[in-house]
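One structure is given here, and the rest of the page talks about it.
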Amino acid sequence: MAPILEARDIRKSFGLLEVLKGVTVTASKGEVISLIGSSGSGKSTLLRCINMLEIPDSGSVALDGEEIRMAGKPPHRHPADEAQLRRIRSKLGMVFQSFNLWSHLSVIDNVMEAPIKVQKRDPEEVREQALELLDKVGIREKADSYASQLSGGQQQRAAIARALCINPEVMLFDEPTSALDPELEVEVLRVIRLLAEEGRTMVLVTHDMKFARDVAHRTIFLHNGMIEEEGTSDEVFGATRSERLKQFLSAGAPE
Ligand SMILES: Nc1ncnc2c1ncn2[C@@H]1O[C@H](COP(=O)(O)OP(=O)(O)OP(=O)(O)O)[C@@H](O)[C@H]1O
Ligand SMILES: [Mg+2]
């Protein structure tokens, strides 16, 4: 099957620091990919390059077979067509470590904002979907609370509902539970697991090796700006080849 997400040969430097040295990540529809690697290995940078929050120095990103057109050379490289970028970006739902909800808006207004303001959809239709999504993530009763009144786990689930409400083709998660206490982490992981079971295409940066092993179809280990090892859970965790990955896994994957 043709991949729904194709990020090919992504390179990115910050000054003299070459963070990504040619990384390719593709995902087929329904595939869950986890991205692991030590702190500073470029996991967040890779996710940010996929949705052009960071502009890759070279390489291409395509969604549904449509490549984001780029112009110029680094450091002036940029998406050539803002309208195309917006359209392609709206196929990507992004959930960060920090929830980035508007604290002065209610939970449901946070969820409804992009679909109404950016996608110009009908508010009533969006409200219905937003309520369904809040139900799915288990916080429908908090719809009218201010985001600031929610626990961290509830805020992160609201952030997931918000990302889902744009009807993305691919969800990108960057350590969505790392700011949470363990008991709050569980409820967020439960939601992500549910999305995986529903067949959502997801790329998930995580430090939780057990979760990666259980939920992801494929795991990618980034090291020194390159893919050091990649494979199914059985391959990567059960029959680890790379010495560096062995070290990383046996070190308890510290942050
Ligand atoms: N905007 C930036 N400007 C300069 N350097 C940056 C920038 N963003 C990231 N870096 C550097 O790039 C490297 C990779 O950072 P990145 O955040 O992608 O790592 P990571 O794998 O997500 O790490 P962590 O597990 O700690 O989140 C780090 O050395 C970081 O300091
Ligand atoms: Mg990171």
Per DSSP, loop trypsin sites (Lys or Arg not before Pro) in the range 119-162 with at most 16 further Cβ within 10 Å:
K120
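All other residues with a Cβ under 12 Å from the Cβ of P123 taken together, and with Lys, Arg as +1 and Asp, Glu as -1, what is their net charge?
Taking every Cβ under 12 Å from that of P123, the sum is -2.
So which GluC sites (Glu not before Pro) in the range 157-219 are both in a DSSP loop and have at most 15 other Cβ atoms within 10 Å of their Cβ? Write down the numbers at each step before the final one.
Values: sites: E169, E183, E185, E187, E197, E198; in loops: E169, E198.
Filter output for the range 157-219: E198.
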Helix-only CD estimate at 222 nm, as mean residue ellipticity for the chain, using -39500 (n - 2.57) per DSSP H run (n ≥ 4):
-10000 deg cm²/dmol
If Rh is defined by the Kirkwood formula over all Cα pairs and Rg also comes from Cα, what ratio Rg/Rh do you get for the range 98-168?
0.92
Specify the inter-centroid distance of the range 178-217 and the range 146-172, based on alpha-carbon positions, in whole Å.
14
Residue farthest toward the positive end of the dipole of the chain, with Cβ of Lys/Arg at +1 and Asp/Glu at -1: which of V205, G59, S148?
G59
By the gyration tensor of its Cα atoms, with a ≥ b ≥ c the square roots of the eigenvalues, what is the shape of the chain: rounded for a/c under 1.5, prolate for a/b over b/c, or oblate?
oblate
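Can you give the net charge of the other residues whose Cβ lies under 13 Å from the Cβ of S145, counting K and R as +1 and D and E as -1? Write down the numbers at each step before the final one.
Numbers: positive: R140, K142, R157; negative: D109, E141, D144.
Here the count lands on 0.
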Which whole-number percent gives the relative contact order of the range 98-168, counting Cα pairs below 8 Å spaced six or more residues apart?
46
How far is the Cα center of the range 27-45 from the Cα center of the range 70-85, in Å?
24
What translational diffusion coefficient, to the nearest whole µm²/s, does the range 1-136 have by Stokes-Einstein, given a Kirkwood radius computed over alpha-carbon pairs, a temperature of 25 °C and 0.890 mPa s viscosity?
146
Under the definition of Cα pairs under 8 Å and six or more residues apart, what whole-number percent is the relative contact order of the chain?
25
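Once you list every other residue whose beta carbon is under 10 Å from the beta carbon of L63, what net charge do they have if Lys and Arg are +1 and Asp and Glu are -1? List each step's numbers first, then the result.
Working: positive: R87, R89, K91; negative: E6, D64, E66, E67, E169.
Net charge in that neighbourhood comes out at -2.
Every number in this text was worked out from the coordinates using simple rules, so none of it is lab data. Computed from a prediction, not measured in an experiment: that's the story for all the values here. For neighbour counting, all protein chains shown are included, and Cβ atoms are generated from backbone atoms with ideal geometry for every residue, glycine included.
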